[in-house]
1. How large is ³J(HN,Hα), in whole Hz, for each residue of segment 98-113 in order, when computed from phi with the Karplus curve 6.51 cos²θ - 1.76 cosθ + 1.60 and θ = phi - 60°, using x for Gly and Pro?
2. Under a Cβ-only charge scheme (Lys and Arg +1, Asp and Glu -1), can you give me the dipole magnitude of segment 1-119 about the Cα centre, in debye to the nearest 20?
3. Using modelled backbone amide H atoms (1.01 Å from N, in-plane), which distant-in-sequence or interchain residues come within less than 5 Å of Gly52's amide H?
4. Contact order normalised by length for segment 1-133, with contacts defined as Cα pairs under 8 Å and 6 or more residues apart; what percent is it?
5. Out of Thr125, Ala24, Gly167, whose Cα points farthest toward the positive end of the dipole of the chain (charges: +1 Lys, Arg; -1 Asp, Glu; placed on Cβ)?
6. According to a simple spin-label model (label point 7 Å from Cα along Cα-to-Cβ), what is the distance in nm between Ala209 and Val88?
7. Net charge near Val124, counting Lys/Arg +1 and Asp/Glu -1 over other residues with Cβ under 12 Å of its Cβ?
8. Compute a Gaussian network model of the chain, connecting alpha carbons closer than 10 Å, and tell me which residue from Pro134, Pro71, Pro79 fluctuates the most.
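The numbers here are math on the coordinates, done by the rules we state, and not lab data. All values reported here derive from a predicted model rather than from experimental measurement. Don't worry about glycine lacking a Cβ; one is built from the backbone with ideal geometry, like all the others, and counts go over all protein chains shown.
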Amino acid sequence: LHLRAAVVQGYGGPQMEWGALGEAALAVGRGVPWFASNTDLTIPSGRGIAPGNGAAVEVVRIATRWMRNPPEPRVAGKPLPPMHRETVIRTGARHPLVVGDRLDTDIEGAHAGGVDSLLVLTGVTDGHQLLAAPPAHRPTYVDRDLRGLLTGQPEVTGEAESGFRCGGWSATAGADALELDGDGDPLDGLRALCAAAWTAAGEGTCGLAADTALKRLGLAG
């Protein structure tokens, strides 16, 4: 019997051994405290989308379902606030900004911490997912990549009845689909669409068709 003080799961890269997950599951099954750095199910890689730390956490979770009261890991990182809070304390940040490519960890973590967020479109989130995001997954800002940190975000103006405008674009929520008019930077069009979709959805998720509008912006996937 190997005594363990805790099981700690963090992303170990593509070389993670299956035996290590087995040892983790056995230890958690014996009641050893269980911690995870984050629960991102996937991560972007140079060859596509790959399993993230959350996928390894799920392996241990599935392997311990036999327990009468299956344990859950204590998560230090996104989307829970402990790591963000510690970062703010250590840096003394007055206006923190969470930057990430995932709605269900990065952006949700910003909401949990009560701070602004910037979604970059270089990872796993596409236009359809962004427009259908529930309130806790809606970023404050949207940009192509990290270079957006060095440029200002254009203002989105308007209202539901007359439409929302950003740059040269105008977006409205129709009866069955999101509608887009105008021309200019595709990101401005996406920002206007977000305002229209999220206003129409309220506290829910937007189910309006968006294929035509996103194709016009070259963001249909």
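1. 3J(HN,Hα) across segment 98-113, in whole Hz: 8, 10, x, 10, 10, 6, 8, 10, 4, 6, 4, x, 5, 4, 4, x.
2. Numbers: 12 positive and 11 negative charges, 71 e Å.
Dipole of segment 1-119, to the nearest 20 debye: 340 debye.
3. So Gly52 has HN proximity to Thr42, Ile43.
4. Details: 189 pairs, mean separation 26.0, N = 133.
That works out to 20 percent.
5. Ala24
6. Each label point is offset 7 Å from its Cα along the Cβ direction, giving 4.3 nm.
7. Working: positive: Arg102; negative: Asp40, Asp101, Asp104, Asp106, Asp126.
The answer is -4.
8. It is Pro71.
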